[in-house]
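Take a look at the structure set out below.
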Amino acid sequence: MSDMTDDLGAIRCQVWQLLQEGASDRTSAARHIVLATVGRTGGAEARTVILRRAQQRIAALEFHTDRASEKVAEIEIHPYGTVLLWEPETALQVRLRVMLSVRKGTEAEWGRIPAPSRFAYGGQPPSGQRIVNPGAVSLLQEPERFAVIEARIEEIETLHLATQPHRRALFRRADDFTGAWLAP
């Protein structure tokens, strides 16, 4: 009987199961994932974001952000990014190469955000600005600053580290995500 890590289709299904769990389960390893973008000066910028939605049918993910955040400006200049997640139970690393865009959040999306969490979208000064002390901010709920980052997945690359040899696979949108093996 072959191991699940020997089957490209099973690996692709495992990735989507992880992503969908991350979008719906606060305890999932895929809930808090790393989004890397190209900074304004060309260097890499990475931060942890919360996965809000995973849509396998269109191979896309969504994250929420404050429109005044630096990552929004970065995405508008360079719409390329990488999403990274680590699933410790199976020692699986997943890298997603994505095309990013930012849109205004809808009233319905804003309505689903718990009231205390709405303070993440607004306030003065905007996120990332220098302040004189930690209390020198005014927290405001500003729905007009609520935005959604949409990440269209172009490639999925997996690396299972619990196997010998390690198993690495690549799935590309251009190939309808059929998958191919890579040397680890």
Would you please give the residues with an amide H less than 5 Å from that of TYR121, counting only those at least 5 places away or on a separate chain, with H modeled from the backbone geometry? GLU142
Relative to the present Cα-Cα distance, how much length would full extension add between ILE131 and GLN55 at 0.36 nm per residue of separation? 23.5 nm
Qualifying GluC sites (Glu not before Pro) for the stretch 52-137 [loop in DSSP, other Cβ within 10 Å: at most 12]: GLU89
Show me the ranking of peptides 148-157, 26-35, 130-139 by mean Cβ neighbours inside 10 Å, starting with the highest. 148-157, 26-35, 130-139
Hand me the trypsin sites (Lys or Arg not before Pro) from the stretch 41-102 located in a DSSP loop with no more than 13 other Cβ atoms within 10 Å, in residue order please. ARG57
Kindly provide the helix-only [θ] at 222 nm of the chain, computed as the sum of -39,500 (n - 2.57) over DSSP H runs of four or more divided by all residues, to the nearest 500 deg cm²/dmol? -5000 deg cm²/dmol
To the nearest 10 degrees, how steep is helix 8-24 against the longest Cα principal axis of the chain, on a 0 to 90 scale? 20
Ignoring ligands, DNA and RNA, what accessible area per residue does the chain give at 1.4 Å, in Å²? 55
Along Cα→Cβ, 7 Å out, is where each label goes; now give me the distance between the ones at GLU142 and LYS104 in nm to one decimal. 1.4
What is the percent carbon and sulfur in the accessible area of the stretch 6-46, measuring with a 1.4 Å probe over the protein chains and ignoring ligands? 46
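The values are calculated or read from the model by the stated rules, or taken from the named source; none is laboratory data. Since we're looking at a predicted model, the values are computed, not measured. Backbone-built Cβ (ideal geometry, glycine too); neighbour counts: all protein chains shown. What goes into the accessible areas is simple: the full protein's heavy atoms, side chains included, and nothing from ligands, DNA or RNA. Shrake-Rupley method; radii C 1.70, N 1.55, O 1.52, S 1.80 Å.
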